[in-house]
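Here is the structure we will look at, set down as structure tokens.
The values are calculated or read from the model by the stated rules, or taken from the named source; none is laboratory data. Note that the structure is a prediction, hence the values are computed from the model and not measured. Cβ placement follows ideal geometry from the backbone for every residue including glycine, while neighbour counts extend to all protein chains displayed.
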Amino acid sequence: MSTPMTWGTPQPERADAARNRQLLLASARELLAEVGADCLTMDRLAEHSGLGKGTVFRRFGTRAGIFQALLDDSERTLQQEVLSGPPPLGPGAPPVDRLVAYGQARIRFLAEHHAVARATFDGRQPAGKRRPLSEIHIRVLLRELDLPGADLDVLAGQLASALDGPLLLRLFAAPESDGPALGGPASGGPGPTTRYEAGWRDLVERICGPASPPAG
């Protein structure tokens, strides 16, 4: 049985700060739909939301901070599915099955939100920023397995990094350039999402042993 875990709760906010945060996130999503990620700026967000530039800068710090906040907000749904959703992503499945399900869900999440995820890289932080909650969840599942001699802290970090690498974001951002080597329309093979989901399963099974056969 999987060990219960918590992914943390948001820090308490004043009522006005919470309203401003929700207004800014909603305004940022509207701008994404209207003008795209490349044209979403701090100034434009302030104008669109009706809030002052100082409020926007205090909330996000940098333009990349806007996208990080959007990504974090969207990720809460995935976190809830991990904590209390149906197995194998949620509790109740063998740890290998949960590892496979989590990695594949995260790959799909990055594919769905690739434009926002790419925009979190502002040149002042390493590409492929570590996601501590992913690493914690993976470490909890690894500890339930019998992996003699494995350094579980290092292994959890390596597996978490495999789910957040800039290569994934590059592939998802430009499927038309996949070409024969990467699958997709040019080769008649599966696209990068399908291949990376299969690759994640293969990686986990080579380390941890076989998972249950895929449904269907």
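When region 41-66 is filtered for residues that are surrounded by 16 or more Cβ atoms within 10 Å (Cβ to Cβ) and part of a loop (DSSP other than H, G, I, E, B), only 51 remains.
Looking only at region 188-210, residues that are farther than 13 Å from residue 103 by Cα, modelled with pLDDT under 90 and surrounded by 13 or more Cβ atoms within 10 Å (Cβ to Cβ) come to 4 in all. Within region 51-64, not a single residue is closer than 24 Å to residue 109 by Cβ and in contact with a His (Cβ under 9 Å, 6 or more places away or on another chain).
Any residue at all in region 55-76 that's small (Gly, Ala, Ser) and over 18 Å from the mean Cα position of the chain (by Cα)?
Yes: region 55-76 contains one or more residues that are small (Gly, Ala, Ser) and over 18 Å from the mean Cα position of the chain (by Cα).
Taking only region 190-216 into account, find how many residues are assigned to a loop (DSSP other than H, G, I, E, B) and over 21 Å from the mean Cα position of the chain (by Cα). Of the residues in that region, 9 qualify. Of the residues 91, 87, which single one is loosely packed, with under 15 Cβ neighbours inside 10 Å, touching a Lys or Arg at 6+ places or on another chain (Cβ under 9 Å) and not in a helix (DSSP H, G or I)? Matching residue, one of 91, 87: 87.
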